[in-house]
Amino acid sequence: MAYNRLDPQSAAERAVSVIGFGYDLSNDIRLSSCKPGPSGTRLIEMDHSVTQDLVFPCGVVVKDVSIWIKCDKGERTRFRSDVLSFNQMSEKFNQELALSGKIPSGLFNSMFKFNGSWQKDASAVKSLAFDGWFISLYNVELARSHIVLSEQVRKEVPTSWDPAALAEFIDKYGTHVVVGVKMGGKDVIHVKQLRNSNLQPPEVLKFLKLLADGRFSEDANPAEISGKLKDETSKPWDLQGLYANSVKPPIVNQSKNNDLISISSRRGGVDTGQTHNRWLSTVSHSPNVISMSFVPITSLLAGVQGNGFLTHAVNLYLR
């Protein structure tokens, strides 16, 4: 939507401003979901006595930025995943967020349209895969050697097993601290193979490739792609809506055998349902966050009374 679009200057300023903010990892990746610390400050200590004018690859300059915040040029990549299990794909998404473990993140759940419990969602699918273009214009990152939680936040950690107080802390500050922001755009197709499907991984990958090649081609013919699927796999898809309705991403389509679901989505740029290449040309003018990197708040609480209770509460909450 128009009110969510950022011009290059605003995007750079927002990316810098949320470094050190809190984040609830159960949420999808959004700049608007970042949680400031006390009085709107960062959750971490930062020396502002020495600052810099941070120059971005796009030519934008953000003034008075801490010297501990850096900006690196991004890259443009096309990536197709393997066909993975639920837990394997969740772990892969976590690695992109600089996290370990298999607990599903909000980004993972959003991209694959999961909205139940971890166990329920995992039991409903046989495999997952995705194919897309990832346009990273730049990465804003905090030097990892300078991540110290502010004294005010440390003092607010509940010192006993008090569910209400622990929930209040998580609601206020989130579960993690933002230490990196990747800005640009992405255009991705995600595929879910449901538990009732008898397709083998190569067949799932074949579906994904046909869908993605069609979406990312300037002269794609949905009817022709649908025909190929019918002829080559005898598992026909109704693909007419996949491209015609792209003005309202994400677009969710289901196979006629109800065993495969595709979710097509774009982030960043100006999406009016145009072709991939035309959308691509708008990303530099209206970038948005496509990924972040995090550190757990609890990893910054060594020696703080109540850290064990908060760690347990966060694990229960995210599961």
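Things to note:
- Any hit, the stretch 35-53, residues being in contact with a Pro (Cβ under 9 Å, 6 or more places away or on another chain), modelled with pLDDT under 95 and loosely packed, with under 13 Cβ neighbours inside 10 Å: no
Matching residues to (1) over 15 Å from residue 23 (Cα atoms); (2) outside any helix (DSSP H, G or I); (3) more than 23 Å from the chain's Cα centre (by Cα):
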position	(1), (2), (3)
277	yes, no, no
286	yes, yes, no
302	yes, yes, yes
309	yes, no, yes
316	yes, no, no
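- Criterion: of a type outside the set (Phe, Trp, Tyr) and touching a Leu at 6+ places or on another chain (Cβ under 9 Å) - qualifying residue of 75, 91: 91
- Residue in the stretch 62-85 that is within 20 Å of residue 24 (Cβ to Cβ) and small (Gly, Ala, Ser) present: no
- Some residue of the stretch 167-186 being without any contact (Cβ under 8 Å) to a residue 40 or more places away in the chain, more than 30 Å from residue 55 (Cα to Cα), touching a helix residue (DSSP H, G or I) at 6+ places or on another chain (Cβ under 7 Å) and of a type outside the set (A, V, I, L, M): no
- Selection status of residue 179, farther than 30 Å from residue 20 by Cα and at pLDDT 95 or above: no
- Within the stretch 249-270, the residues that satisfy the criterion of being modelled with pLDDT of 90 or more and either of a type in the set (Gly, Ala, Ser) or assigned to a loop (DSSP other than H, G, I, E, B) (or both) are 262, 264, 265, 268, 269, 270.
- Unmet requirement for residue 128, which otherwise passes all of (1) touching a residue at least 24 places away in the same chain (Cβ under 8 Å); (2) out of contact with any Lys or Arg (no Cβ under 9 Å at 6 or more places or on another chain): (2)
- Candidate set: the stretch 128-150, residues that are among the β-branched types (Val, Ile, Thr) and in a strand (DSSP E or B); chosen: the one farthest from residue 36 (Cα to Cα): 135
- The sole residue among 266, 278 that is basic (Lys, Arg), surrounded by fewer than 20 Cβ atoms within 10 Å (Cβ to Cβ) and closer than 28 Å to residue 57 by Cβ is 278.
- Contact annotation: residue pairs with Cβ atoms under 7 Å, 6 or more positions apart or on different chains, pairing a residue in the stretch 22-43 that is more than 23 Å from residue 96 (Cα to Cα) with a partner that is aliphatic (A, V, I, L, M) and modelled with pLDDT of 95 or more, are 37/43; 37/153.
- Every residue from the stretch 271-285 that is β-branched (Val, Ile, Thr) and farther than 18 Å from residue 138 by Cα: 272, 275
- Candidates in the stretch 150-192 are the residues that are among the hydroxyl-bearing types (Ser, Thr, Tyr) and farther than 17 Å from residue 30 by Cβ; of these, the one that is surrounded by the most Cβ atoms within 10 Å (Cβ to Cβ) is 150.
- Screening the candidates 153, 204, 157 for the property of being part of a helix (DSSP H, G or I), in contact (Cβ under 8 Å) with a residue 12 or more places away in the chain and farther than 27 Å from residue 267 by Cα yields one hit, 153.
- Residue check for residue 133: modelled with pLDDT under 95, aromatic (Phe, Trp, Tyr) and under 30 Å from residue 259 (Cα atoms): no
- The residue pairs whose first member lies in the stretch 65-78 and is within 16 Å of residue 144 (Cα to Cα) and free of Cβ contacts under 8 Å to residues at least 40 places away in the same chain, whose second member is surrounded by 15 or more Cβ atoms within 10 Å (Cβ to Cβ) and of a type in the set (Val, Ile, Thr), and whose beta carbons are closer than 6 Å, counting only pairs six or more residues apart or on different chains, do not exist in this structure.
- Flag for residue 106 being under 21 Å from residue 196 (Cβ atoms) and of a type outside the set (S, T, N, Q): no
The values are calculated or read from the model by the stated rules, or taken from the named source; none is laboratory data. Small disclaimer: the values here were computed from a predicted structure and weren't measured. Positions of Cβ are generated from backbone atoms using ideal geometry, with glycine treated the same way; all protein chains shown enter the neighbour counts.
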